[in-house]
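What follows is calculated from the coordinates using simple rules that are stated; it is not laboratory data. Every value quoted in this text rests on a predicted model; they were computed, and no experiment measured them. Here the Cβ positions follow ideal geometry from the backbone for every residue, glycine too, while neighbour counts run over all protein chains shown.
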Amino acid sequence: MKMEARGVHFSYGSLLALRGVTLGAEEGEVVSLVGPNGSGKTTLLRCLDGILRPQRGSILLDGRELARIDPRELSRRVGYLPQGSPSSFPLTVFDTVLLGRRPHLGWRVGERDLRVVSGLLEEMGMEGLALRHFGELSGGERQKVLLARLLAQEPEVLLLDEPTAHLDLRHQLEILGLLRRKAGERGITVVMALHDLNLASGFSDRVVLLHRGRVLASGRPGSVLTPSRLERVYGVRVRRMGGKGRPYLLPLRPS
């Protein structure tokens, strides 16, 4: 499923957060939004999810205006994982993931709903945690459970705001590897905001570099993440290492 932003402007009062942003994410594509704090990443994700409505421009889902799609249909097709998700639910891990089935539920939980949740927990290596309470888990385990809850929704588009924030290296790689795999196997479109440029380089089909509410560059990681461009945006000198397609970036010192 294709998701597009066309000439999107959004402001908080007098603060213009997005300035004519245009981008598209194709079916099965992993797109990372990168840029400094305040560049518009979170605002753009909220516009793509329909939480915020642009003052100008439009958001399209497979060519349909997002604002004209029935909310229940939208909740089945698009899933959003914000920053700062609750650190505790008064529920077990199984029941927390089962909440992701709400857009599909009728009067009761069906056998298919239970199979979806059980299958996800097994796939993500969390079947042993099913009866643990969510609040008892580590930060990395909680993040994986929240992602499982989102995947239980069976969306066609995933929007994620810093899905690896506060996670150790192992959990970062596990979560991004899972997203990469879901995009490839199920054709899920993934758009995520990331601060770590090396993770964006390693796991993305395309990188969109935002700067002061505008798209400064968009394309393959190697074409977007150049030392001169990153010094301009972040004010930090960067040494680029490794292959041209997915470079590794070593920050040197503030310029």
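Listed by first and then second residue, the pairs with beta-carbon distance under 8 Å, at least 6 apart or on different chains, first residue in region 163-177 and closer than 19 Å to VAL31 by Cβ, second hydroxyl-bearing (Ser, Thr, Tyr) and crowded, with 19+ Cβ neighbours inside 10 Å, are GLN172/THR164; ILE175/THR164; LEU176/THR164. Within region 55-81, the set of residues being charged (D, E, K, R) and assigned to a loop (DSSP other than H, G, I, E, B) comprises ASP62, ASP70. So, in region 196-255, exactly how many residues are among the hydrophobic types (A, V, I, L, M, F, W, C), closer than 22 Å to ARG181 by Cβ and touching a Ser or Thr at 6+ places or on another chain (Cβ under 6 Å)? Residues flagged as among the hydrophobic types (A, V, I, L, M, F, W, C), closer than 22 Å to ARG181 by Cβ and touching a Ser or Thr at 6+ places or on another chain (Cβ under 6 Å) within region 196-255 amount to 3.
Please note which strands (runs of 3 or more DSSP E) are completely contained in region 1-54 and include at least 2 residues that are within 15 Å of the chain's Cα centre (by Cα) and under 21 Å from GLY184 (Cβ atoms). Strands (runs of 3 or more DSSP E) meeting the threshold: 15-25, 30-34. Considering the conditions (1) closer than 20 Å to GLY35 by Cβ; (2) buried (at least 19 other Cβ atoms within 10 Å of the Cβ); (3) touching a strand residue (DSSP E or B) at 6+ places or on another chain (Cβ under 8 Å), PRO155 is excluded by exactly one of them, (1). Please go through region 241-255 and give me each residue that is surrounded by fewer than 16 Cβ atoms within 10 Å (Cβ to Cβ) and either free of Cβ contacts under 8 Å to residues at least 12 places away in the same chain or closer than 26 Å to ALA25 by Cα (or both), ordered by number. Residues satisfying the conditions are MET241, GLY242, GLY243, LYS244, GLY245, TYR248. A count restricted to region 177-200 and to residues that are in contact with a Gly (Cβ under 8 Å, 6 or more places away or on another chain) and either crowded, with 20+ Cβ neighbours inside 10 Å or part of a strand (DSSP E or B) (or both) stands at 3.
Where residues in region 26-54 are buried (at least 23 other Cβ atoms within 10 Å of the Cβ) and in contact with a Ser or Thr (Cβ under 7 Å, 6 or more places away or on another chain), which of them is nearest to LEU178 (Cα to Cα)? For region 26-54, the residue satisfying everything is VAL30. Checking the structure you have, find out if any residue of region 96-103 is touching a residue at least 40 places away in the same chain (Cβ under 8 Å), closer than 27 Å to LEU167 by Cα, of a type in the set (Val, Ile, Thr) and in contact with a Lys or Arg (Cβ under 8 Å, 6 or more places away or on another chain). So far as region 96-103 goes, yes, one or more of its residues are touching a residue at least 40 places away in the same chain (Cβ under 8 Å), closer than 27 Å to LEU167 by Cα, of a type in the set (Val, Ile, Thr) and in contact with a Lys or Arg (Cβ under 8 Å, 6 or more places away or on another chain).
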